[in-house]
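A short worksheet on the structure shown next.
Values in this text are rule-based calculations from the coordinates and carry no lab data. Bear in mind that the values here come from a model prediction, so they are computed numbers and not experimental data. Here the Cβ is made from the backbone with ideal geometry for all residues, glycine too, and neighbour counts use every protein chain on show.
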């Protein structure tokens, strides 16, 4: 659906996109994961032909994307990071205005507007002005304005920034529903949990480069197997801690008189061998947690730094 | 039509630009009326029964040529009516009398007459108004001599009629009350205040200025269509604003503008195009914030209006004498002159010349605005 080849975008001396290559397939929820300033929004603006770029090509729906590619634009819906609605128009008028920029036929448009209002749950607020809406409702209106015309391709640029958890869940559910109904989604975020939760494929992007692409599981397989285990245990002595440190695959560990945290560089049999040690030595213990690698670990491994804000 | 409807709704519901483009001029018109129109026409008339002439001295060294002679004659006409001219031998005696409050002011007769008062008072304001009125009329007289020498006699008659503070002498137009210039400058200012609406629209059309601009730029509706729709809606709304002001001045304040409404509407429409276009250009030529651009709008509307005589009616004539090209290039001055030329002189040649200038300005401004707005790719957002 989208093919990006060798894309280079500079802001003066700063290279925002550095020979970036990417392919997004039809039917995916494609996550662009990267810290703020990594180039996600610049990439989106290049895909939408809003930004000039120095080098490379952007092909959307089989055609090179230009500002005048109106047939392609008709099939794209965009939800910008910043809320973009008219303060002086009501919820319904805003949705009708933006939907009307895509759909000329009146009856069809009216139907789409009604569906969009229901989709984002703003029926009881349809005559209100945006300034009267809470932050979460405003985000929903922003989404409705971008997707009311039921596009084939939907680009959402950090749509959950500064929203409450309840609204965030509703937005994520809505995105999955739109995908089930046939839309391909590009979803940019610096929230790893969201990307892990909804995206079928993910590209990790930093400093204008795609560092890795794949499904959630594929990305985790790219890094060394790893497991983090936490055990609630009181008053372990130095000898016991030394024994635990000498168990197979232990990378490092920490102890604060109450909780023991052990990192293993393998993801198999770590819990059994640790609990067996506690059992053999008759050491009492409480709650036990085991954590598999997250995208944050992937990001950490690939970039050498944690996902920064 | 739907795009037009929504742009129309959005604009008329946006209170800040509408305040500057409509309410502020209405307030100014009322203020102007209360400040000097009612005084110059009705106010003095009502007060004539209890009016006593203001005591003054005149210092006349006998220089200043023909211009001084005009002023000398003017003061003579005013004596015992508005003025009580008292005799003193030397300038020092006159200034001493002024310091002792025996007189309110001293007029200096010269090519450029002047006035000295000891302190601000109603009588001092009357003397200042009298001098201003004379200065404006002298300017009119000079311009009449230059453009319409055959009407000099009528103009001279108008100056002598100044003693009644009601000047309504036919020079071909309908009025020659000098204070009318303030109202024309105000209407011209209002035309330019369309810039406030233009700036808002500009912001909402450019992807590098606002999220709304980005959102509108990624739709399949062409930029040309969006820009033309915005421009049409804003020009019509602002034309309505200017007409409301004009009708308010004419019918609510009862000020005879001396121009048929159809002609005024033509000028107002042109003024609306010029004002809105200036705003669009201001809005999209830099990435400065909305507050900064609104500030620029104040400058772009008030300063030309100041040069066109909004704060001091004689300003336009001063510029005409020293830098006439400024009056040709200043849209507020061209607009004010267009009204004035019809109202005072009924000068169709000057009207047509000014309309051509306004048309050229509109064409240039709209073209520049469109070229700015139709940019489709940006270096940065």
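If the chain between residue A:166 and residue A:281 were fully stretched, how many nm would it gain, using 0.36 nm times the residue separation less the Cα-Cα distance? Write out the running numbers ahead of the final one.
Values: separation 115, 0.36 × 115 = 41.40 nm, distance 4.60 nm.
Going from the current span to full extension adds 36.8 nm.
Could you estimate the translational diffusion coefficient of chain A from the Stokes-Einstein equation, with Rh from the Kirkwood formula over C-alpha pairs, at 4 °C and 1.567 mPa s, in whole µm²/s? Walk me through the intermediate numbers first.
Details: Rh = 21.9 Å.
Rounded to a whole number, D works out at 59 µm²/s.
Once label points are set 7 Å from the Cα along Cα→Cβ at both residue A:26 and residue A:252, what is their separation, rounded to one decimal in nm?
Computed distance between label sites residue A:26 and residue A:252 equals 4.9 nm.
Quick check on chain A: helices-only [θ] at 222 nm, where DSSP H runs of length 4 and up contribute -39,500 (n - 2.57) each and the sum goes over total residues. Nearest 500, please. Write out the running numbers ahead of the final one.
Details: 11 runs with 107 residues, N = 309.
Helices in chain A give a 222 nm mean residue ellipticity of -10000 deg cm²/dmol.
Along the Cα-to-Cβ line of residue B:266, 7 Å from the Cα, sits a label point; which residues in the stretch B:330-356 have backbone N less than 14 Å from it?
Answer for the stretch B:330-356: B:338-343, B:346-356.
Looking at the stretch A:224-292, I'd like the Rg to Rh ratio, where Rg is from alpha-carbon atoms and Rh is Kirkwood's inverse mean 1/r. It would help to have the intermediate numbers written out before the result.
Values: Rg = 10.9 Å, Rh = 11.9 Å.
Taking Rg over the Kirkwood Rh, I get 0.92.
Give, in nm to one decimal, the length gained when the segment between residue B:102 and residue B:119 is fully stretched (0.36 nm per residue of separation minus the Cα-Cα distance). Write down the numbers at each step before the final one.
On the way: separation 17, 0.36 × 17 = 6.12 nm, distance 1.25 nm.
Length gained, residue B:102 through residue B:119: 4.9 nm.
Can you compute the FRET efficiency between residue A:191 and residue B:312 using 1/(1 + (r/R0)^6), with r the Cβ-Cβ distance and R0 = 51 Å? Round to the nearest 0.05.
Working: r = 61 Å, r/R0 = 1.20.
E(calc), rounded to 0.05, equals 0.25.
Need the C-alpha centroid separation for the stretch A:135-195 versus the stretch A:246-309, integer Å.
Computed from Cα coordinates, the inter-centre distance equals 35 Å.
For the stretch B:297-348, what value does the Rg/Rh ratio take when both radii are computed over Cα atoms and Rh is the Kirkwood radius, given to two decimals? If you can, show how the numbers build up before the last one.
Details: Rg = 10.7 Å, Rh = 11.0 Å.
My calculation puts Rg/Rh at 0.98.
For residue A:152 and residue A:108 in one chain, what is 0.36 nm times their gap in residues minus the Cα-Cα distance, to one decimal in nm? Walk me through the numbers before you get to the answer.
Details: separation 44, 0.36 × 44 = 15.84 nm, distance 1.66 nm.
Additional length available on full extension: 14.2 nm.
Considering only DSSP beta bridges with both partners in the protein assembly as shown, what is the antiparallel share in %, to the nearest 5? Before the final figure, lay out each step's value.
On the way: 38 of 66 bridges.
In the protein assembly as shown, approximately 60 percent of DSSP beta bridges are antiparallel ones.
Order of B:266-274, A:109-117, B:282-290 by packing, highest average Cβ count within 10 Å first?
Numbers: B:266-274: 24.4, A:109-117: 18.9, B:282-290: 17.3.
Taking the mean over residues of other Cβ atoms within 10 Å, the ranking is B:266-274, A:109-117, B:282-290.
Need one number: nm distance between label points at residue A:289 and residue A:59, each 7 Å from Cα along Cα→Cβ, rounded to one decimal.
Using points 7 Å along Cα→Cβ, the separation is 4.7 nm.
Suppose we keep just the DSSP beta bridges with both residues in the stretch A:2-219; what percent of those would be antiparallel, to 5?
On the way: 19 of 37 bridges.
DSSP beta bridges in the stretch A:2-219 are roughly 50 percent antiparallel.
With the crude spin-label approximation of a point 7 Å out along Cα→Cβ, what separation in nm comes out for residue B:111 versus residue A:181?
According to this spin-label approximation, the distance is 8.2 nm.
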